[in-house]
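To keep things clear, I will list the structure first and then write my remarks on it.
The values are calculated or read from the model by the stated rules, or taken from the named source; none is laboratory data. Everything quoted here is computed from the prediction, not taken from an experiment. Cβ sites come from the backbone with ideal geometry, for glycine too, and all protein chains shown count toward neighbours.
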Amino acid sequence: MKKLFIGGILTIVLGSIVFIFYQSNFAVAIIREEVKHKASQIKALNIETTAANIEITISKTDDITVNLDGKINEKYKEKYLLKVDESGEKLNISYISNENSPGIKFGTTKDVRLHIAIPEKLYRSLAARTSSGRIDIEDMEVQNINLKTTSGNQFIRNVKSKMSTSVQSTSGDIDINNNNLKHFLINSTSGTIEIDNLVSEEGRINTTSGNVMIKLKELAKRLDVETTSGDVETFFEQKPTSIRIDFKGNSGHSEIGLPNIMYENKGENSAIGLIGTGSNQLNVRTTSGNFKAE
């Protein structure tokens with residue numbers, strides 16, 4: 001009987017310890033914050049998060065509305081702060097940790113969304129950075145764009161960039177749909193790059209092992225694509241009447257199914273083809289990746 005009593009006490013104590021540990025490390029807090037800011041003088045946006053997702057959309061109001069919502073471990077709720085401050089014509093928006101806390105973390109901001117609704121107008125620049133969070137941008141008109149993630153995916157839709165666009169990612173996928181990007185640069189390591197319905201004058205894509213799929217609404221004056229082991233596929237909405245295609249691979253091969261193409265050189269791992277005067281250029285370099293154009 002005494003052993004049973006002691007066993008019961010130990011069970012209760014152990015259960016209490018487990019409960020306290022769970023409450024302190026796994027309890028979830030709901031986050032809902034909203035900040036409104038006058039947009040009349042704002043021409044640039046600078047956004048930064050650690051793991052929270054970033055979403056930017058167009059609003060019908062004259063204000064910039066910043067909404068933070070989601071859930072986070074209760075233990076870290078006070079360690080992450082939403083900051084919105086104006087610096088000249090730039091609005092800085094961040095949701096990052098306010099301290100460097102060592103040790104094991106049982107909750108991050110991956111289930112938090114930072115949604116920014118902005119008035120429709122031409123912006124001078126947009127910079128957005130996050131580590132594992134997603135970046136999602138729609139319907140913006142901006143001169144310069146700079147986006148950077150580590151493992152988070154990026155989605156860019158119905159965006160018009162009048163000067164330059166830079167997109168960087170390590171392992172996150174990049175999805176660019178129905179955009180007009182005058183000059184763009186995409187750097188990726190292993191994430192898939194999908195570009196659909198694109199209008200551009202000039203662009204460059206660098207990736208290591210990620211595949212690249214491009215659907216061009218109109219011909220670009222120059223498009224350079226370089227991969228190590230990823231495949232490259234390009235599709236033309238309108239069959240080109242003037243283009244020079246230059247493909248070189250190590251072990252990768254090419255499949256070009258465009259009408260009226262004349263080859264200057266065609267080998268097992270290389271091809272140079274010309275349609276018309278070749279006023280537009282498509283240059284593809286791979287190591288073991290294949291190339292397809294149609």
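When THR57 is evaluated against the numbered criteria (1) over 22 Å from ILE30 (Cα atoms); (2) without any contact (Cβ under 8 Å) to a residue 60 or more places away in the chain, which criterion, by number, is the only one it fails? Going through the list (1) over 22 Å from ILE30 (Cα atoms); (2) without any contact (Cβ under 8 Å) to a residue 60 or more places away in the chain, THR57 breaks only (2). In the stretch 250-264 there is no residue matching the filter, namely being part of a strand (DSSP E or B), surrounded by 13 or more Cβ atoms within 10 Å (Cβ to Cβ) and among the charged types (D, E, K, R).
Regarding the stretch 16-37, can at least one residue be identified that is part of a loop (DSSP other than H, G, I, E, B), touching a Leu at 6+ places or on another chain (Cβ under 6 Å), modelled with pLDDT of 95 or more and assigned by TED's automatic domain parsing to the domain that holds ASP139? No, that holds for no residue. If the condition is being in contact with a Gly (Cβ under 7 Å, 6 or more places away or on another chain) and in contact (Cβ under 8 Å) with a residue 12 or more places away in the chain, then the stretch 250-286 contributes GLY252, ILE256, ILE261, MET262, ASN269, SER270, THR286. The listed residues are GLY278, GLY210, GLY230, GLY191, and the only one of them that is small (Gly, Ala, Ser) and over 27 Å from ASN158 (Cα atoms) turns out to be GLY278.
When the stretch 144-191 is filtered for residues that are among the β-branched types (Val, Ile, Thr) and either surrounded by 19 or more Cβ atoms within 10 Å (Cβ to Cβ) or under 20 Å from ARG124 (Cβ atoms) (or both), the ones remaining, listed by number, are ILE145, THR149, ILE156, VAL159, THR165, VAL167, ILE174, ILE176, ILE186. When restricted to residues that are within 14 Å of ALA220 (Cα to Cα) and in contact with a Lys or Arg (Cβ under 6 Å, 6 or more places away or on another chain), the stretch 231-251 contains 2.
Looking only at the stretch 269-288, residues that are more than 35 Å from the chain's Cα centre (by Cα) and modelled with pLDDT under 95 come to 0 in all. Checked against the criteria, ARG124 counts as touching a residue at least 60 places away in the same chain (Cβ under 8 Å) and in contact with a Lys or Arg (Cβ under 7 Å, 6 or more places away or on another chain).
Can you tell me which of ASN179, ASN197 is polar (S, T, N, Q) and in contact (Cβ under 8 Å) with a residue 24 or more places away in the chain? Matching residue, one of ASN179, ASN197: ASN197.
Listed here are the residues, each with its yes/no results for (1) basic (Lys, Arg); (2) out of contact with any Cys (no Cβ under 7 Å at 6 or more places or on another chain); (3) assigned by TED's automatic domain parsing to the domain that holds GLY289; (4) over 20 Å from ASN53 (Cβ atoms).
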{"site": "GLU138", "(1), (2), (3), (4)": "no, yes, no, no"}
{"site": "ARG157", "(1), (2), (3), (4)": "yes, yes, no, no"}
{"site": "SER171", "(1), (2), (3), (4)": "no, yes, no, no"}
{"site": "ASN187", "(1), (2), (3), (4)": "no, yes, no, yes"}
{"site": "GLU202", "(1), (2), (3), (4)": "no, yes, no, yes"}
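The residues of the stretch 190-222 that are part of a strand (DSSP E or B) and closer than 16 Å to SER166 by Cβ, listed by number, are ILE193, ILE195, LEU198, GLU202, GLY203, ARG204, ILE205, ASN206. From the list LEU126, LEU82, the one residue that fits, being at pLDDT 95 or above, crowded, with 16+ Cβ neighbours inside 10 Å and closer than 26 Å to ASN180 by Cβ, is LEU126.
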